[in-house]
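Asks: After the structure tokens below, expect a handful of questions from me.
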Amino acid sequence: MLRPPAGAAAGTLSVPGAGRPPEETTKALEIRRRQEVERSLPELAPLPPTRRYSLAVILGASAGQIFPVVQSRIILGRGVNCDLQLQDSEVSRRHAMIEIKGETGTITDLGSTNGTYVDGVRIQQKAIEPHQEFSLGTTTLMFIVTELGEGA
């Protein structure tokens, strides 16, 4: 039979952990860890004004759409907090990151379930050149770099 702790009112039970803040969930811990990692990444130089960067969806639910890239580091995934949100159930919430330095981009898989592929090969991190295609889930995108005129 359960008995109330000494000094407790009759008819009450002590519940372990009662009165303490709830422990963080695994998901909350994972989100916090990812945010800490992102904050620790070095700041990248701004994109050069003489080039325009875009990601074109070649295959997938958003085929035909072109997304301008306006910052040096973007997160791709199906999650609402991603810089580029893809409508693909095979894409992880936070699937991959692209960092742009000069004309070259670097794509990094962020621990996705279904992987990131460049030229049909699963990668963890790889440089991508202008007009090179890569895949996340069932979506294939192309990295586009456009040179702008002097007066841009």
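Asks: Got a sec? What order do 41, 141 fall in by accessible area at 1.4 Å, biggest, i.e. largest, first?
Replies: Result of the area sort, largest leading: 41, 141.
Asks: Also, quick follow-up: Hey, what's the per residue convex hull volume over the C-alpha atoms of segment 72-143, in cubic angstrom?
Replies: It is 70 Å³ per residue.
Asks: Can you work out the Karplus-derived ³J(HN,Hα) for every residue in segment 66-78? Use 6.51 cos²θ - 1.76 cosθ + 1.60 with θ = phi - 60°, whole Hz, and x for glycine or proline.
Replies: Running phi through 6.51 cos²θ - 1.76 cosθ + 1.60 with θ = phi - 60° gives 10, 10, x, 9, 10, 9, 6, 9, 10, 9, 10, x, 9 Hz.
Asks: Further question on the same structure: Ignoring everything but the protein chains, give the 1.4 Å probe accessible area of residue 89 in square angstrom, nearest 10.
Replies: 100
Asks: Using heavy-atom solvent-accessible surface (probe 1.4 Å) with all chains present, what is the largest-first order of 97, 142?
Replies: Largest to smallest exposure gives the sequence 142, 97.
Asks: While we're on this one: Which of rounded, prolate or oblate describes segment 30-149 when judged by the alpha-carbon gyration tensor and an a/c cut-off of 1.5?
Replies: It is oblate, given that a/c is not under 1.5 and a/b is not larger than b/c.
Asks: When all protein chains stay in place, what accessible area (Å², nearest 10, 1.4 Å probe) is found for residue 88?
Replies: Looks like 10 Å² after rounding.
Asks: Counting only protein heavy atoms, what percent of the accessible surface of segment 83-152 is carbon or sulfur at a 1.4 Å probe?
Replies: 44
Asks: How big is the Kirkwood radius of segment 61-114, worked out from every pair of different alpha carbons and given in Å to one decimal?
Replies: For segment 61-114, the Kirkwood estimate is 11.6 Å.
The values are calculated or read from the model by the stated rules, or taken from the named source; none is laboratory data. All figures in this text were calculated on a predicted structure; none of them were measured in a lab. The area values use the complete protein model at the heavy-atom level, side chains included, leaving out ligands, DNA and RNA. Shrake-Rupley method; radii C 1.70, N 1.55, O 1.52, S 1.80 Å.
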